[in-house]
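The values are calculated or read from the model by the stated rules, or taken from the named source; none is laboratory data. In this text, all values refer to a predicted model and were calculated from it rather than measured experimentally. Glycine also receives a Cβ, built like all others from the backbone with ideal geometry; neighbour counts cover every protein chain displayed.
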Amino acid sequence: EAGVVQSPRYKIIEKKQPVAFWCNPISGHNTLYWYRQNLGQGPELLIRYENEEAVDDSQLPKDRFSAERLKGVDSTLKIQPAELGDSAVYLCASSLGAPTQYFGPGTRLTVL
Amino acid sequence: TQLLEQSPQFLSIQEGENLTVYCNSSSVFSSLQWYRQEPGEGPVLLVTVVTGGEVKKLKRLTFQFGDARKDSSLHITAAQPGDTGLYLCAAEMDSSYKLIFGSGTRLLVRP
């Protein structure tokens, strides 16, 4: 069974540019999470979806970050415009009605 | 405010040694999970503990959940280089499936 797929794996952009990350969760998992992991830290939740509904986006910086999960499967996370402090690893995870989450490999973003 | 404190932050040991890492909070958890993360990869779940005082074993790894469900420990016996990685604890505070992660313990096992 395929795990959580994320792309791209790496992205380098200049500040003020837009960037988007894509996530395909494990088949059948209704809950999808986006996390940000800064260097030397644990992941911090940005947004959680139950099917296509964002049920917790309290930690998402809404002035520049947006996310969508059309049709309740794949999801994209966008940053526009990116700032230097956005450099981090962006992790996607999915789960099926349980606290156990399965993580993808992440996208490492570097903002210059 | 860091809800979950992990210690030590970094640990470098020789192959064959034993070690214990800790995860502490002033809050009560519904459940607690331990993950291991290797460079360039996402965290991988090792174990979930739910009941206060619970002890779970996974080969050479022993996980304990505190009686009051506010703390947990991970003990590794006879560490091997393959155990090298970032060990993260994550707590579910209110049965909402929302996880709060600690900052991790980075373990290096030298051959």
Only one of (1) of a type outside the set (A, V, I, L, M); (2) in contact with a helix residue (DSSP H, G or I) (Cβ under 8 Å, 6 or more places away or on another chain); (3) under 22 Å from B:Tyr35 (Cβ atoms) is not met by A:Lys15, so which one is it?
(3)
State whether one or more residues within the stretch A:9-16 are free of Cβ contacts under 8 Å to residues at least 60 places away in the same chain, in a loop (DSSP other than H, G, I, E, B) and of a type in the set (D, E, K, R).
no
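So which of A:Leu77, A:Leu70, A:Leu112 is farther than 25 Å from B:Gln33 by Cα, at pLDDT 95 or above and loosely packed, with under 13 Cβ neighbours inside 10 Å?
A:Leu112
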Within the stretch B:66-99, restricting to residues that are in contact (Cβ under 8 Å) with a residue 12 or more places away in the chain and within 8 Å of another protein chain (Cβ to nearest Cβ), the one that is farthest from A:Gly42 (Cα to Cα) is B:Glu92
Exception for B:Lys56 within (1) out of contact with any helix residue (DSSP H, G or I) (no Cβ under 7 Å at 6 or more places or on another chain); (2) part of a strand (DSSP E or B); (3) away from every other protein chain (no Cβ under 11 Å); (4) under 19 Å from B:Glu17 (Cα atoms) falls at (4)
Identify all residues within the stretch A:55-78 that are assigned to a strand (DSSP E or B) and either in contact with a helix residue (DSSP H, G or I) (Cβ under 6 Å, 6 or more places away or on another chain) or within 13 Å of chain B (Cβ to nearest Cβ) (or both); write none if there are none.
A:Val55, A:Asp56
Within the stretch A:92-104, can you find the residues that are at pLDDT 95 or above and outside any strand (DSSP E or B)?
A:Gly104
Condition broken by A:Val89, with the remaining ones in (1) in a strand (DSSP E or B); (2) away from every other protein chain (no Cβ under 11 Å) satisfied:
(2)
Output for Cβ contacts, cut-off 7 Å, separation at least six or different chains, first residue more than 7 Å from chain B (Cβ to nearest Cβ) in the stretch A:99-112, second part of a strand (DSSP E or B) and of a type in the set (Gly, Ala, Ser), reads A:Tyr102/A:Ala93; A:Tyr102/A:Ser94; A:Tyr102/A:Ser95; A:Leu109/A:Ala88
If we keep just the residues of the stretch A:17-54 that are small (Gly, Ala, Ser) and not in a strand (DSSP E or B), which is nearest to the other protein chains (Cβ to nearest Cβ)?
A:Gly42
Output the residue which, of all residues in the stretch B:100-111 that are out of contact with any Cys (no Cβ under 7 Å at 6 or more places or on another chain), within 14 Å of chain A (Cβ to nearest Cβ) and assigned to a loop (DSSP other than H, G, I, E, B), is modelled with the lowest pLDDT.
B:Ser103
